[in-house]
Amino acid sequence: MNNGFLRLAMISLLCGSTLTACGEKTPKGQVLAVVNGNEVTRRDLSGEAGAAGAGEDAAPAVLSGVIDRKLAAAEAQRLELDKTPQFTAQANRLQEVMLSRTLFDRWANEMPQPSKQAINAYIRANPQQFDNRKLFLVDRISTEAGAISKEELLPLQTNDDVSAALTEQKRSFQRAKTVVDSATLQPALFRQMNSIAPGYPLAITQNGELVILAVLEARDAPLPANQREAAAIASARKAFVQQKLSALRKSAKITYQPGFRPT
């Protein structure tokens, strides 16, 4: 074996054992790492850090997480896990969520800046978000719409009574204590929750479910004056987006299987 052949063999071994040897360039500029030929850029890192709420000092750890995810994703594709019905359904849902959020952001940015008069009028019309804002500790029961009628609810004095009635009727339900911020409520519901006797059940329909709320405590939490204008504008943008979405729904042709039409 001559010296030239030995030298070539040694070079081949070095090329197989390192990423940067023999033509593999060290990542630089916008490229922070290369994972099996796939680049990880500063934009990838910035997006990941923003989603995680991480600062610049956490960049190496965030980059390591991106690399791990790329390796795992590539292995999943090698195993054809991306071709399963479960993955397809989740991927479609995620794409729809991202598309809808992008659309909502676009609509929100299209809304004209409200005038000072409009902002002040909104604040006066929605005291539950500002001066009269409260935090309600509630005992919340949720069940399917129609699980219990208004007539059956009428004599019930507490959520313990409601729970017993649903259990007796073999109706499934969820029960938990939670905090409700009055800033998220419509004025009419706020007035009901603010005036109802402590512990007395209040039934509402929410997202197609029957929800029974019993207010246990209420604490005043007025919004600071320096935050009110921004909060009013954010609420106006949310209402603007909802109007646009409602217009889309009105123009759409939607049919339901019996029993699934939202109430």
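The values are calculated or read from the model by the stated rules, or taken from the named source; none is laboratory data. The model shown is predicted, which means the values in this text are computed figures rather than measured ones. Positions of Cβ are backbone-derived with ideal geometry, glycine not excepted, and every protein chain shown enters the neighbour counts. Just so you know, the surface numbers come from the protein's heavy atoms only, side chains and all, with ligands and any DNA or RNA stripped out. Shrake-Rupley method; radii C 1.70, N 1.55, O 1.52, S 1.80 Å.
Quickly run through region 75-93 and pick out the residues that are in a loop (DSSP other than H, G, I, E, B) and surrounded by fewer than 11 Cβ atoms within 10 Å (Cβ to Cβ). Result: Leu79, Glu80. Within region 216-238, is there a residue that is surrounded by 10 or more Cβ atoms within 10 Å (Cβ to Cβ) and farther than 30 Å from Ile119 by Cβ? Taking every residue of region 216-238 in turn, at least one turns out to be surrounded by 10 or more Cβ atoms within 10 Å (Cβ to Cβ) and farther than 30 Å from Ile119 by Cβ.
Of all residues in region 222-237, those being touching a residue at least 40 places away in the same chain (Cβ under 8 Å) and of a type outside the set (A, V, I, L, M, F, W, C) number 5.
Any residue that is closer than 25 Å to Ile233 by Cα and within 30 Å of the chain's Cα centre (by Cα) - is there at least one of those in region 136-145? Scanning region 136-145 turns up at least one residue that is closer than 25 Å to Ile233 by Cα and within 30 Å of the chain's Cα centre (by Cα). Of everything in region 239-255, what is open to solvent by 80 Å² or more (accessible area, probe 1.4 Å) and within 17 Å of Asn207 (Cα to Cα)? Give them in sequence order. Listed by number, the residues that qualify are Gln242, Arg249. The residue of region 103-121 that is least open to solvent (accessible area, probe 1.4 Å), among those that are in a helix (DSSP H, G or I) and more than 21 Å from Leu245 (Cα to Cα), is Ile119.
Of the residues making up region 161-189, those that are in contact with a strand residue (DSSP E or B) (Cβ under 8 Å, 6 or more places away or on another chain), surrounded by 10 or more Cβ atoms within 10 Å (Cβ to Cβ) and of a type outside the set (S, T, N, Q) number 11. Quick check on Ala72: is it open to solvent by 50 Å² or more (accessible area, probe 1.4 Å), at pLDDT 80 or above and within 30 Å of Ala91 (Cβ to Cβ)? Against the criterion (open to solvent by 50 Å² or more (accessible area, probe 1.4 Å), at pLDDT 80 or above and within 30 Å of Ala91 (Cβ to Cβ)), Ala72 qualifies.
Does Ala203 fit the bill of being closer than 24 Å to Asn132 by Cα, among the aliphatic types (A, V, I, L, M), open to solvent by 70 Å² or more (accessible area, probe 1.4 Å) and over 21 Å from the mean Cα position of the chain (by Cα)? So Ala203 does not fit the description; no. Close contacts from region 195-221, counting a first residue that is more than 17 Å from Ile148 (Cβ to Cβ) and a second that is open to solvent by 20 Å² or more (accessible area, probe 1.4 Å) and of a type in the set (Ser, Thr, Tyr), with Cβ to Cβ under 7 Å and a gap of 6+ residues or different chains, come to Gly199/Thr158.
When Glu48, Glu96 are checked against the criterion of being surrounded by 13 or more Cβ atoms within 10 Å (Cβ to Cβ) and either assigned to a helix (DSSP H, G or I) or modelled with pLDDT of 95 or more (or both), a single residue qualifies: Glu48.
Taking first residues from region 133-154 that are farther than 26 Å from Ala218 by Cα and partners that are hydroxyl-bearing (Ser, Thr, Tyr), the Cβ contacts under 6 Å between residues at least 6 apart in sequence or on separate chains come to Ala145/Thr263.
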